[in-house]
Structures are given as structure tokens and as C-alpha cells.
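Only one structure is covered here, and it is reproduced in the block below.
The values are calculated or read from the model by the stated rules, or taken from the named source; none is laboratory data. What you are looking at is a predicted structure, and each value in this text was computed from that prediction instead of being measured. Cβ coordinates were reconstructed from backbone atoms using ideal geometry, including for glycine residues, and neighbour counts include every protein chain displayed. Accessible surface is based on the protein model in full, side chains and every heavy atom, while ligands, DNA and RNA are left aside. Shrake-Rupley method; radii C 1.70, N 1.55, O 1.52, S 1.80 Å.
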Amino acid sequence: VQEELVIRPTQVRLTWEEPSSTVAIGRREIEALPHLGNDIFRAMSLTPGVSANDITAHFRVHGGRSDEVKIELDGQELYEAFHLKDYDDALSVVSADTLAGLTLSTGGYPVSEGDRMSGVLDMRTRSPEGRLHATLSASLLAFAASGSGLLQQGRGDWLAQARVGSIDLASRLFRQEDPSYADLFGRLSLRPTPRQGLRGNALLTSDALRFDETNDEGFKVRDTEYENAYLWLTHQGTIGRNTLVETRLAWSEVARDRLGSELEEEGE
């Protein structure tokens, strides 16, 4: 008697247009959940095997470290995927409004995903549904403007969003710390022929924090700046009936700058 043994990796899907048979959470449910800033990373703790705390947007899979999870957006790895680094990475750089869905693989992923031990988070941006759609939004944490649309004759589509953090408005009450952040995302998809697709993505992020401390003994000033840039171009083409070839050209830059000055008065 022969028995068939099938081994599959564990996958959890969120906000896909087509519901998954494992765990499926729609966009309206995600927005209604009590998590900070409509950050979809903070909803990951609702899935089996994932834990997180209320301060950081980082999450842990099966007890591993938070940096053991690989984060991808439209096939590109994000090496720095969080804002407010001086505040324990409080927010992610990916807006939930730009996503069609995501898949979290917690085991059994191929070696091509690199050396991450805990899991792979694969996020995919949404496709526009009409010719032109634009939104403006404001919240306690950010101001955002976004737009999307279809190109003429079905040749492609585009999606863009810009966010500027508003948390610095509240921080001015403390008169010491002045954090700020912003990000810009854009995607242009073209279909030159029915068997080919070309997609260009860009993600730019920026964070800054100024901290002043003055007392009778002198003053201290700390300035930190973080800037990240991701640009990638993806080409997909079909050969025959069952072969899909994908080619990607990517450029990334991660920059950190920290400056500090201190002046102390010497007593007599």
C-alpha cells in the first residue's frame, strides 16, 4: 500500500481580493481593528504564530527575532521598512491603502529568499479600478495624498501616494523632541503586448529627529537623519503556454546621519 505525503509551507494571507482558505481579513476589517495609524504591520499579531507589542511595528514569528523576517514589496526587498527609528520603529513605510494584499510564509520557503530564519512577508500593491481616482486624508499621525488610474486603451495603470508625518505637531508641546517622517511611493505598469508586462516602482522614505536639552550646566543637541531609496524595474514575459520569465533590475540606497553637540559650563 502506497501513501502520498504532501508537505506545504505555512502561509497566512491578508486582504487579498480572493479570500484564502487559511486566514483572510478584508480591508474594512483591518481599518476597524484597534491598531496605531492604520499600519497593516500591526495587524500581523492577529495571525497564528506571530507576536508583537504595542510600541513597535516589528513583529516576531514563532519566537524568532524581528529582523529574521524578510519584507518584500512587489518583489523588492525593503532593507529599512520602518519609520521613527529612534522610537523603536513605531510605524512601517508601507501604507495599507496601496496594498492589494500580502502573504506571510513562516516556513518551507525556497533558498532564493535568502538567509532569513523566521519568515517572508510578501506585499503586493493594488491595481486601479477606474480611469482616475484621488484621495486626501489626515490623521493624528500623517497627512496623505494618493492617486491612481488606468492608461488609455488598456495599456497599463499607475499608482502614487505621498505621506507626511504629523506627529511632530503633537511633539512640539514637549519642546524638546521634534520627530518627522515622510515617504513617497509610485508605480507605473505598462503592457506593450498581450504577452509582456513592464512595471517600474519607486519608494523614497525620510526620517529626522532633533533633540535639544538645556539646563543650568549647558546644553545638548542631537540631530539624526535617515533616508532610504528603492528603485526597481520588472519585466515579465511568457514563452509558449506554460513558461513565465521575470527579470528585475533594482537599485537601493540606505543612508544614516547622526550628529551631536554638547556645551558644558565649568564652575568656578
Practice problem: Could you pull out every residue, at least 5 positions away or on a different chain, whose amide H is within less than 5 Å of the one on residue 156? Hs are placed 1.01 Å off N in the peptide plane, and Pro or chain starts have none. | Solution: 151, 191
Quiz item: What accessible area per residue comes out for the range 84-167, rounded to a whole number of Å², with a 1.4 Å probe?
Solution: 49 Å²
Self-check item: D_trans [Stokes-Einstein, Kirkwood Rh over alpha-carbon pairs] for the range 128-268, 4 °C, 1.567 mPa s, µm² s⁻¹
Solution: 69 µm²/s
Quiz prompt | With DNA, RNA and ligands ignored, accessible area of residue 56 (1.4 Å probe; Å², nearest 10) | solution = 10 Å²
Exercise. Within the range 64-101, report the chymotrypsin sites (Phe, Trp or Tyr not before Pro) that DSSP leaves as loop and that have at most 15 other Cβ atoms within 10 Å.
Key: 79
Quiz prompt | Cα centroid of the range 87-159 to Cα centroid of the range 187-246, whole Å | solution = 11 Å
Quiz item: Under a point-charge model restricted to the Cβ atoms of Lys and Arg (+1) and Asp and Glu (-1), what is the dipole moment magnitude of the range 112-254 relative to its Cα centre, in debye to the nearest 20?
Solution: 1280 debye
Quiz item: Relative to the present Cα-Cα distance, how much length would full extension add between residue 195 and residue 100 at 0.36 nm per residue of separation?
Solution: 31.9 nm
